[in-house]
């Protein structure tokens, strides 16, 4: 089930530590030993263990959606801020609209973006496992793309029973 955290003007998702809603949303991930002694990069949250957190962000009224350099810098900085390791970034700009689609491949999964400059809209996926905090990537992307409103949802991927 998705947890919708719509943010419009006056709604601040960049709240400081101690905000109970965001503290719950950012419970620490844990490394768990598996039978052969390797580490298991799963996430524990809300009493559940699962493979990764998948945060979906929709940015409305956003800027710089046709600027590959701004987007690449934002994605790299967002990944690093979330505690992830960037392995590769690939972005493609469409000549017809100037829109950008791309992905940052992370050691801990990925961040992807698809922009529609003609609609001032961006769709962003932040998918991370282990001790990374995908929520820390959102304010970085928000500062870079300056949406007038946004919607965030969270999905727990790979729920273990």
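A few comments on the model shown:
- Cα centroids of the range 37-106 and the range 109-157: 6 Å apart.
- Length available on full extension from residue 160 to residue 80: 0.36 nm per residue minus the Cα-Cα distance, which gives 26.1 nm.
- Relative contact order of the range 52-155, pairs being alpha-carbon contacts under 8 Å that are 6 or more residues apart, as %: 43
Since every read-out is calculated from the coordinates, none of them should be taken as a lab result. In this text the structure is predicted, and so the values were computed from the model without any measurement.
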